[in-house]
Amino acid sequence: MEQAASELTGNEPTLALVGPFSDFPPPSSAPDVRVGVLRAFGEYALIACESARAGARLFSIDGELTGAASRYTIQVGTQLHLDLSHGIGLEEMLDSYFWRFMNHSCEPNSRIEDQQVIAVTDIAAGEEITFNYNSTDWDMAEPFDCRCGNVNCAGRIAGFSSATAAERERLRPWLAPHLLTGAGSAEGVAGPSDGETARVADGSKTAY
């Protein structure tokens, strides 16, 4: 972890690796790949502290299941979102619920399936771990404008329901199961069908 922190911080004093604090988080969230939370210029990012190959399971996301979406929840099923219980402090969040600090990317290096975070590209030590918010959430509780500048940038990130047909097709390799089956929305509106063409995004929705 010290090596990854050194690679990222260099001589820049405003960067700091602030977690995890313990080598032994609860088994339900113990990572297969060591990770840490980086704080830079008042924002947080989840980074890999060791390399991982595409297809590897990185870690599981654990928390409280709720039917209410918020800025910080992740949709994990039909009308089902993952959140943290009230009263969890920053240190516990950094130590055991580090998934909360995963930021959005147009070109993500991970995806979420059944509360498992899986690498979709090779990930180097010190690299930020990202996923595409439109690949899990049908409707974002707080849409935002992406600022990544990537050629495939979606611009406005508002959830899969707002994606164009082309955007949905691009998202398909990363889609969570509840969106692949068309069961993401409360209204029962189907997700992408086989005949539908369709899409994706670093807008950095800060996680805390």
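Could you please find all residues in region 86-116 being assigned to a loop (DSSP other than H, G, I, E, B), farther than 23 Å from PRO143 by Cα and open to solvent by 50 Å² or more (accessible area, probe 1.4 Å)? Across region 86-116, the qualifying residues are HIS86, GLY87, ASP114.
In summary, GLY55 fulfils each of the numbered conditions (1) open to solvent by less than 30 Å² (accessible area, probe 1.4 Å); (2) touching a strand residue (DSSP E or B) at 6+ places or on another chain (Cβ under 7 Å) with the single exception of condition (1). Contact map, region 67-90: residues that are over 19 Å from MET102 (Cβ atoms) paired with residues that are among the hydroxyl-bearing types (Ser, Thr, Tyr) and open to solvent by 60 Å² or more (accessible area, probe 1.4 Å), Cβ distance under 9 Å, separation 6+ or inter-chain. Pairs shown: THR78/THR181. When LEU82 is tested against (1) under 28 Å from ASP122 (Cα atoms); (2) more than 16 Å from the chain's Cα centre (by Cα); (3) surrounded by 15 or more Cβ atoms within 10 Å (Cβ to Cβ), just one condition goes unmet, and that condition is (2). Would you mind stating whether GLU142 is on the phi < 0 side of the Ramachandran plot, acidic (Asp, Glu) and surrounded by fewer than 16 Cβ atoms within 10 Å (Cβ to Cβ)? Criteria met by GLU142. When you check GLU92 against the structure, is it farther than 14 Å from THR130 by Cα and at pLDDT 90 or above, yes or no? So GLU92 does not fit the description; no. Looking at ALA163, ALA176, just one residue is over 16 Å from the mean Cα position of the chain (by Cα), aliphatic (A, V, I, L, M) and open to solvent by less than 30 Å² (accessible area, probe 1.4 Å), and that residue is ALA163.
Scanning region 145-157 for residues that are surrounded by 20 or more Cβ atoms within 10 Å (Cβ to Cβ) and part of a loop (DSSP other than H, G, I, E, B) yields CYS146, ALA154.
The values are calculated or read from the model by the stated rules, or taken from the named source; none is laboratory data. Quick caveat: nothing in here was measured; it's all calculated off a predicted structure. Counting neighbours? That spans all protein chains shown, and the Cβs are built from the backbone with ideal geometry, glycine included. All accessible areas refer to the heavy atoms of the entire protein, side chains included, with ligands and DNA or RNA removed. Shrake-Rupley method; radii C 1.70, N 1.55, O 1.52, S 1.80 Å.
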